[in-house]
Amino acid sequence: MSPEPDRLFLSAARIDALAAFRSPEPDVLSLHLSVDDGGLYPGVLRQLFKEQAPRLRAFGGDLTRLERFVTSEFVPGAHRGLAVYSCAKRGLFEAFGLPQAVKTDLVADECLDLVPLRALRGQYYRYGALLAGPDGARFVEIFLGGCVELGVFTEPLDGVDALGRLAALTGTLARERRFDRLILGAETDLAARLAGLLDPGLQKDLILEPLLGRDRPAEAVLERVRHNEREARRVTESVLVHRLLDEARQGGAVTGLEAVAAALQQGCVSRVLVRDGFAKMGRACPACGHLSVDHRSCPWCFKPTDMVLDVVEELVSRALEAGCEVFRVMHDPRFDGICRIGAELKAPKTGPRPVPTSRALRGRFRLKDGRSSPLRGPSR
C-alpha cells in the first residue's frame with residue numbers, strides 16, 4: 001500500500017481552515033459517505049443525488065465534482081469512510097479518507113458539518129515520525145489511518161551539532177504540525193543520543209522504534225502505527241466495556257436500543273458504546289423525533305411513526321450532534337453477549353429534552369440516502 005496522497009490527509013492546519021470557512025449563503029455541501037460496503041458506494045451516492053434532485057438544483061457544479069471524485073478519483077484502500085466538502089462558488093473542495101464507517105448524509109449550510117471529524121479526532125493521536133540514520137533523517141506525519149511525507153534533513157548525523165540542529169527542527173515541526181506523539185525510528189545508539197536533545201515535551205511520550213530507520217518506506221511506518229493503534233484500542237475497549245457493564249448493574253448506564261434511545265432523547269448520555277457494524281430497523285416520529293425499535297405510534301406525541309432502515313446509525317448521529325462521545329467496539333466479545341449498544345449516563349436534567357429530527361436552521365437542510373447505513377442489512 002502506498003502512502004496517502006496529501007490531498008486526502010487531514011492536517012491540523014486544514015482542520016482549522018475548514019472550521020473557519022463561512023459563506024454568506026447556504027451553498028456549502030458536506031458529504032459523509034460510508035465506503036465500507038464492498039465497493040457499492042458510488043451507486044449509493046448517485047441514488048442520493050437522484051432522490052434529492054429538487055433540493056439540489058442550485059448545486060450542479062458541486063454535484064458534478066463530487067460524483068467525479070467519488071466514482072473516478074477516490075481509492076478507498078484501508079479507509080472505511082469519506083468526508084468531502086464542496087462550495088463551487090467560493091473555490092472550496094476538500095476530501096479526506098476516514099478509518100471508521102460514517103453515516104451517509106449530505107448537508108447544505110453556510111459552514112461545514114465537521115461533527116464526524118471531531119468525533120474521530122478524540123480517538124486518534126496525531127503522530128510525527130522522525131526516521132534517522134547516519135546520513136540524515138526524514139519526517140512523516142500519521143493521522144486517521146493516513147500518512148504524508150513532510151521533508152528531509154540531509155546533514156550526516158556524525159556530531160552533536162548536527163544532532164542538535166535536527167532536534168531543534170523536530171521541535172519546531174512538532175509545534176507547527178501539532179503532533180500528539182513523536183515516534184523515533186533509529187538504531188539504539190543513535191536514538192539514545194538524539195532523544196536526549198529533544199524538547200522535554202517530546203521526550204515525555206517518545207515512542208522508540210529501532211526497526212524503523214531513515215530508509216524505511218512511509219507505508220511501513222503507517223502499518224506499524226496502525227498495528228500499535230489496534231492493540232491500544234483492544235485495551236481501551238476492554239476497559240470501557242467492563243465499566244459499562246459494571247455501571248449498568250449499579251444504574252449508572254443503560255443497555256439495549258430502547259433504553260439508549262430514551263436516555264439520549266432525555267439528554268442523560270455522556271458516552272455511547274456500539275458494536276461496529278450493528279444495524280437494525282426501527283421507527284422515528286416525524287413530528288418530535290422520538291426513536292424506537294417498533295413503536296408505530298409515538299409514545300411522546302402519539303403521531304404515526306416512519307420506518308428507519310438503520311435506527312442504530314440514527315442514534316449514533318444524534319449522539320454526536322448532542323456532543324456525546326461515541327466509541328465503536330470492534331473486538332470485545334462480552335459486548336455482543338449483553339447488548340451491542342449501551343450508554344454511560346450523566347446526571348439527569350430536569351424534564352425530557354427531545355432531540356430534533358433535523359438540524360434544520362436558517363437556510364440549512366440535511367439530505368440523507370433514506371437508509372441511514374447504506375447497503376448494510378438490518379441485524380438479525
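Anything in region 239-259 that is open to solvent by less than 50 Å² (accessible area, probe 1.4 Å) and either among the aromatic types (Phe, Trp, Tyr) or part of a helix (DSSP H, G or I) (or both)? List them, or say none.
Across region 239-259, the qualifying residues are Leu240, Val241, Leu244, Leu245, Ala248, Leu257, Ala259.
Each row is one residue, and each column tells you yes or no for (1) open to solvent by less than 20 Å² (accessible area, probe 1.4 Å); (2) among the β-branched types (Val, Ile, Thr); (3) modelled with pLDDT of 85 or more.
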| site | (1), (2), (3) |
| --- | --- |
| Pro299 | no, no, no |
| Pro304 | no, no, yes |
| Val311 | yes, yes, yes |
| Glu314 | yes, no, yes |
| Leu320 | no, no, yes |
| Val326 | yes, yes, yes |
| Gly337 | no, no, no |
| Gly351 | no, no, no |
| Pro354 | no, no, no |
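From the list Ala287, Ala319, which one is among the small types (Gly, Ala, Ser) and part of a helix (DSSP H, G or I)? Please lay out each step first, then the result.
Working: Ala287 fails: part of a helix (DSSP H, G or I).
Among Ala287, Ala319, only Ala319 is among the small types (Gly, Ala, Ser) and part of a helix (DSSP H, G or I).
Checking Leu273 against (1) in contact with a Pro (Cβ under 6 Å, 6 or more places away or on another chain); (2) open to solvent by less than 30 Å² (accessible area, probe 1.4 Å), which single condition isn't satisfied?
(1)
Yes/no per residue for (1) of a type in the set (D, E, K, R); (2) touching a residue at least 60 places away in the same chain (Cβ under 8 Å):
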residue: Arg57; (1), (2): yes, no
residue: Leu66; (1), (2): no, no
residue: Gly91; (1), (2): no, no
residue: Glu110; (1), (2): yes, yes
residue: Tyr124; (1), (2): no, yes
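Tell me, yes or no, whether region 33-46 has at least one residue that is farther than 29 Å from Tyr124 by Cβ and outside any strand (DSSP E or B).
Of all residues in region 33-46, those farther than 29 Å from Tyr124 by Cβ come to 43, 46.
Subset that is outside any strand (DSSP E or B): 43, 46.
For region 33-46, residues farther than 29 Å from Tyr124 by Cβ and outside any strand (DSSP E or B): present.
Inspect all residues belonging to region 31-44 and state whether any of them is closer than 13 Å to Ala108 by Cα and either at pLDDT 90 or above or in contact with a helix residue (DSSP H, G or I) (Cβ under 7 Å, 6 or more places away or on another chain) (or both).
Taking region 31-44 first, the residues closer than 13 Å to Ala108 by Cα are 31-32.
Those still in the list that are either at pLDDT 90 or above or in contact with a helix residue (DSSP H, G or I) (Cβ under 7 Å, 6 or more places away or on another chain) (or both) too: 31-32.
Yes, some residue in region 31-44 is closer than 13 Å to Ala108 by Cα and either at pLDDT 90 or above or in contact with a helix residue (DSSP H, G or I) (Cβ under 7 Å, 6 or more places away or on another chain) (or both).
For region 315-337, which positions are without any contact (Cβ under 8 Å) to a residue 60 or more places away in the chain and either over 21 Å from Glu229 (Cβ atoms) or touching a helix residue (DSSP H, G or I) at 6+ places or on another chain (Cβ under 7 Å) (or both)?
Answer for region 315-337, where residues must be without any contact (Cβ under 8 Å) to a residue 60 or more places away in the chain and either over 21 Å from Glu229 (Cβ atoms) or touching a helix residue (DSSP H, G or I) at 6+ places or on another chain (Cβ under 7 Å) (or both): Leu315, Arg318, Ala319, Ala322, Gly323, Gly337.
Test of understanding: among Val70, Val28, which residue is under 26 Å from Arg226 (Cα atoms) and among the aliphatic types (A, V, I, L, M)?
Values: Val28 fails: under 26 Å from Arg226 (Cα atoms).
Answer to the selection: Val70.
Tell me whether region 76-86 contains one or more residues that are aliphatic (A, V, I, L, M), modelled with pLDDT under 90, out of contact with any Ser or Thr (no Cβ under 6 Å at 6 or more places or on another chain) and crowded, with 18+ Cβ neighbours inside 10 Å. So that I can check it myself, show each step before the final result.
To start, the set of residues in region 76-86 that are aliphatic (A, V, I, L, M) comprises 78, 82-84.
Subsequent filtering for residues that are modelled with pLDDT under 90 retains 78.
The next check asks that each one be out of contact with any Ser or Thr (no Cβ under 6 Å at 6 or more places or on another chain); those that pass are 78.
Of the ones still in play, those that are also crowded, with 18+ Cβ neighbours inside 10 Å are none.
Looking through region 76-86, none of the residues is aliphatic (A, V, I, L, M), modelled with pLDDT under 90, out of contact with any Ser or Thr (no Cβ under 6 Å at 6 or more places or on another chain) and crowded, with 18+ Cβ neighbours inside 10 Å.
Would region 263-276 turn up any residue that is touching a Gly at 6+ places or on another chain (Cβ under 7 Å), in a strand (DSSP E or B) and among the β-branched types (Val, Ile, Thr)?
Within region 263-276, the first condition is being touching a Gly at 6+ places or on another chain (Cβ under 7 Å), and the residues that meet it are 273.
Going one step further and asking which of them are in a strand (DSSP E or B), we end up with 273.
If we keep only those that are among the β-branched types (Val, Ile, Thr) too, we end up with none.
No, the conditions are met nowhere in region 263-276.
If I filter region 100-156 down to residues being more than 30 Å from Glu25 (Cβ to Cβ) and among the β-branched types (Val, Ile, Thr), which single residue comes out as farthest from the chain's Cα centre (by Cα)?
Of region 100-156, the ones more than 30 Å from Glu25 (Cβ to Cβ) are 100-101, 122-156.
Subsequent filtering for residues that are among the β-branched types (Val, Ile, Thr) retains 140, 142, 148, 152, 154.
Numbers: Val140: 21, Ile142: 14, Val148: 18, Val152: 29, Thr154: 35 Å.
Selected residue: Thr154.
In contact with a His (Cβ under 9 Å, 6 or more places away or on another chain), within 30 Å of Val140 (Cα to Cα) and open to solvent by 70 Å² or more (accessible area, probe 1.4 Å): is that true of Arg230 in this structure? Quick ask: steps written out before the conclusion?
Values: in contact with a His (Cβ under 9 Å, 6 or more places away or on another chain): yes; within 30 Å of Val140 (Cα to Cα): yes; open to solvent by 70 Å² or more (accessible area, probe 1.4 Å): yes.
When the stated conditions are applied, Arg230 passes them.
Can you tell me how many residues in region 45-71 are of a type in the set (S, T, N, Q), touching a helix residue (DSSP H, G or I) at 6+ places or on another chain (Cβ under 9 Å) and over 29 Å from Met330 (Cα atoms)? Steps first, please.
First pass over region 45-71, keeping only residues of a type in the set (S, T, N, Q): 47, 52, 64, 71.
From what is left, the residues that are touching a helix residue (DSSP H, G or I) at 6+ places or on another chain (Cβ under 9 Å) are 64, 71.
Still in the list and also over 29 Å from Met330 (Cα atoms): 64.
So the answer is 1.
Identify all residues within region 107-119 that are under 19 Å from Cys147 (Cα atoms) and surrounded by 20 or more Cβ atoms within 10 Å (Cβ to Cβ); write none if there are none. It would help to see each step written out before you state the result.
Just the residues of region 107-119 that are under 19 Å from Cys147 (Cα atoms), to begin with: 117-118.
Scanning region 107-119 gives a single hit, Leu117.
Return the residue satisfying two criteria in turn: it lies in region 65-74 and is open to solvent by 20 Å² or more (accessible area, probe 1.4 Å) and in contact with a strand residue (DSSP E or B) (Cβ under 9 Å, 6 or more places away or on another chain), and of such residues it is nearest to Ala279 (Cα to Cα).
So in region 65-74, the residues open to solvent by 20 Å² or more (accessible area, probe 1.4 Å) come out as 65, 67-68, 71-73.
In the following step, the residues that additionally are in contact with a strand residue (DSSP E or B) (Cβ under 9 Å, 6 or more places away or on another chain) were identified as 65, 73.
On the way: Arg65: 31, Glu73: 29 Å.
Top of the filtered list is Glu73.
One residue is enough: does region 79-90 have a residue meeting the conditions over 30 Å from Arg275 (Cβ atoms), of a type in the set (A, V, I, L, M, F, W, C) and in contact with a helix residue (DSSP H, G or I) (Cβ under 6 Å, 6 or more places away or on another chain)?
First, pick out the residues of region 79-90 that are over 30 Å from Arg275 (Cβ atoms): 86-90.
Applying the additional criterion that residues be of a type in the set (A, V, I, L, M, F, W, C) yields 87-88.
Narrowing the set further to residues that are in contact with a helix residue (DSSP H, G or I) (Cβ under 6 Å, 6 or more places away or on another chain) leaves 88.
The answer is yes, given that some residue of region 79-90 is over 30 Å from Arg275 (Cβ atoms), of a type in the set (A, V, I, L, M, F, W, C) and in contact with a helix residue (DSSP H, G or I) (Cβ under 6 Å, 6 or more places away or on another chain).
The values are calculated or read from the model by the stated rules, or taken from the named source; none is laboratory data. Because the structure is predicted, anything quoted here is derived from the model rather than measured. Because the Cβ atoms are built from the backbone with ideal geometry, glycine has one as well, and the counts that use them run over all protein chains shown. Note: accessible area is taken over every heavy atom of the protein model, side chains too, but ligands, DNA and RNA are not part of it. Shrake-Rupley method; radii C 1.70, N 1.55, O 1.52, S 1.80 Å.
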